[in-house]
Each structure stands twice: as C-alpha cells, then as structure tokens.
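Student: This structure is in structure tokens; I'll ask about it shortly.
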Amino acid sequence: MRKSIVLLALICALFAMPAQAQQQFKVLVAAIPNKYHNDYVTVAKPSFERMARQHNFELVWAWDTRPFDGDLSQYAAIVFLNTPGAELSEPQRKRFQDYIHAGGGFVAVHKAIATAREWTWYEHLVGRSFRTHPYIQTGVIDVVDHNFPATLGLPDRWLWTDEWYEYDAPYSSDLHVVMNVDESSYDPTLIWPGQKAEGMGKSHPVAWYHFFEGGRSFVTALGHTPELYNDRLYLDHLYGGIYWAATGRGIVAEKSAP
C-alpha cells in the first residue's frame, strides 16, 4: 500500500513539473516604496500575482534593488512600478543597460517616469523628462491607437482619475503615443500654492512605446492611487504593455484601405 502511495505521488509530481516549466516568460517587478508611493503596494502585489497566474508567466517581486546585482537575462521584461531608475547603484545601472542592449523589455509605471534628471540614459529610455503634475483629478483619456496590446479592449474615451503628469519635449521622434488625456476634461493648472502647472495642450500623452538601443520600452503615466490596481481595465492595460515588452508581439497591423 505504501509503495502504491509513493508511486502515485511520483506520477503526480511528474505531471506537475511540465505545467510549471511551461510558463511563457519571466518578469521582474521592482516596487520599492518611497515617500509618495508606498500604500499602493499592498493592493498591487496580489493583483500582479493574479495577473501572472491568469496569463501564465513567472513573477518575481522585488522590494529593493538586489535582483539587479544578479543575472537580468533571465527576465523577458523588467517593470519599474512607481520606482524610478535612480534607485539603482552605478554597477546595477550598468547591468540594466547591458540588459536593454541585449534586447530586454522595459516597462515604466507612473512614478518610474519621475527621475528628477538623475540619470540621463534612463530618461532617454523612458523617452521624456517629468516636469510636474496638478492635483489628482478625474479626466478623460483618448485612446489614439487601438492596435497596441496595452490598449486592446479599452474604450475610445476612458474616464479616469489620476495624477496627470506633464513632461518636457520628447528626446526623439520615434515615441509612438497610444493614449492622450483630454485637458478640457480637468483643470491642468490646479496645483499647490507656489507651484505652477500649465498643461501640455492638445497633445498630452499618458502612454507610449518605442524601441531603444536594442530593447523595447513601454511607458504609462497612470497608476498613482492604490484603488487603481483593482481596476480590471487598468490591469489589462498594464499586462498589454508587459506582454509587448516581454515578447515584442501583439501589435495589430493596420488594415489597408480597399
């Protein structure tokens, strides 16, 4: 009887091993709590874990920068979740640059954009430099490209509440904007006393992607408050960006006119 139980356990283990080995890719999420972005983590982590189970990828969650001391080539994509690249030490920055140059995928979420001009290369990887943001407000997002994985399934007009980041001019002309915020739907000048925000005008991007020095870069400015990480559409938006950064796939070719 005991031999039968042991044999059954071995058979079950053999069947379980391929299921674990078949995860489609591995993703590192760097989510280092900071002064203005820490309470989101308790919501974001379980949401990312569910995302990983749903989409069959391996998730490595990092509360600090120690994974950047190791082998980054094992990750199909690295997500900086409300964590700017300036958190990395000089040797870690070099490893991350090598990772991008080797064809790695990068995803920047919200605070990851705000680098305070501490690392020029990273700002070029993002594509723009953060300038300021007004109070958290409700605004309307215009999805201008439905052919990119991070916008598949999103409505043309999306009501959203967040910090609407402003940036300086892009570093290159190859940034492909997939979503803008309509500045007529909120007050871009509503900011704290002594500070100034003036908006960006008709073209105010909140998500874009580009290819950079051999790697793939997807950036979304959305994601300040914890509640957003329970929103299904937002999580689909994030996963679409992760999927593209990890694989380079999923961009739908535009149909030519008949």
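The values are calculated or read from the model by the stated rules, or taken from the named source; none is laboratory data. These numbers were taken from a predicted model, which means no experiment stands behind them. With ideal geometry, Cβ positions are generated from the backbone for all residues, glycine too; neighbour counts draw on all protein chains shown.
Student: I'm trying to understand the selection: among the residues of the stretch 202-258, which are farther than 21 Å from Phe96 by Cα, in contact (Cβ under 8 Å) with a residue 12 or more places away in the chain and of a type in the set (Ser, Thr, Tyr)?
Tutor: Listed by number, the residues that qualify are Ser203, Thr225, Tyr229, Tyr234, Tyr239.
Student: Between a first residue in the stretch 57-72 that is in contact (Cβ under 8 Å) with a residue 40 or more places away in the chain and a second residue that is part of a helix (DSSP H, G or I), which pairs have beta carbons less than 6 Å apart while being 6 or more apart in sequence or on different chains?
Tutor: From the stretch 57-72, the pairs are Leu72/Arg95; Leu72/Tyr99.
Student: Which of the residues spanning the stretch 197-221 are at positive phi and either modelled with pLDDT of 95 or more or of a type in the set (D, E, K, R) (or both)?
Tutor: Glu213, Gly214
Rundown of residues vs (1) closer than 17 Å to Thr161 by Cβ; (2) touching a Gly at 6+ places or on another chain (Cβ under 9 Å); (3) not aromatic (Phe, Trp, Tyr), yes/no style:
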| position | (1), (2), (3) |
| --- | --- |
| Lys196 | no, no, yes |
| Lys202 | no, no, yes |
| Tyr209 | no, yes, no |
| Glu213 | no, no, yes |
| Gly223 | yes, no, yes |
| Asp231 | yes, no, yes |
| Tyr234 | yes, yes, no |
| Ala245 | no, yes, yes |
| Arg249 | no, no, yes |
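Student: So which residues in the stretch 120-141 are crowded, with 17+ Cβ neighbours inside 10 Å and touching a helix residue (DSSP H, G or I) at 6+ places or on another chain (Cβ under 6 Å), if there are any at all?
Tutor: Tyr122, Val126, Ser129, Phe130, Gly139
Student: Let me ask another. Can we say Gln92 is free of Cβ contacts under 8 Å to residues at least 40 places away in the same chain, out of contact with any strand residue (DSSP E or B) (no Cβ under 7 Å at 6 or more places or on another chain), of a type in the set (S, T, N, Q) and over 19 Å from Gly241 (Cα atoms)?
Tutor: It is true that Gln92 is free of Cβ contacts under 8 Å to residues at least 40 places away in the same chain, out of contact with any strand residue (DSSP E or B) (no Cβ under 7 Å at 6 or more places or on another chain), of a type in the set (S, T, N, Q) and over 19 Å from Gly241 (Cα atoms).
Student: Can I ask one more? Given the conditions (1) farther than 24 Å from Thr132 by Cβ; (2) surrounded by fewer than 20 Cβ atoms within 10 Å (Cβ to Cβ), report the number of the one that Ser173 does not fulfil.
Tutor: Ser173 satisfies all of (1) farther than 24 Å from Thr132 by Cβ; (2) surrounded by fewer than 20 Cβ atoms within 10 Å (Cβ to Cβ) except (1).
Student: Only one residue in Phe106, Phe80 is in contact with a Ser or Thr (Cβ under 9 Å, 6 or more places away or on another chain), part of a strand (DSSP E or B) and closer than 22 Å to Leu222 by Cα, so which one is that?
Tutor: Phe106
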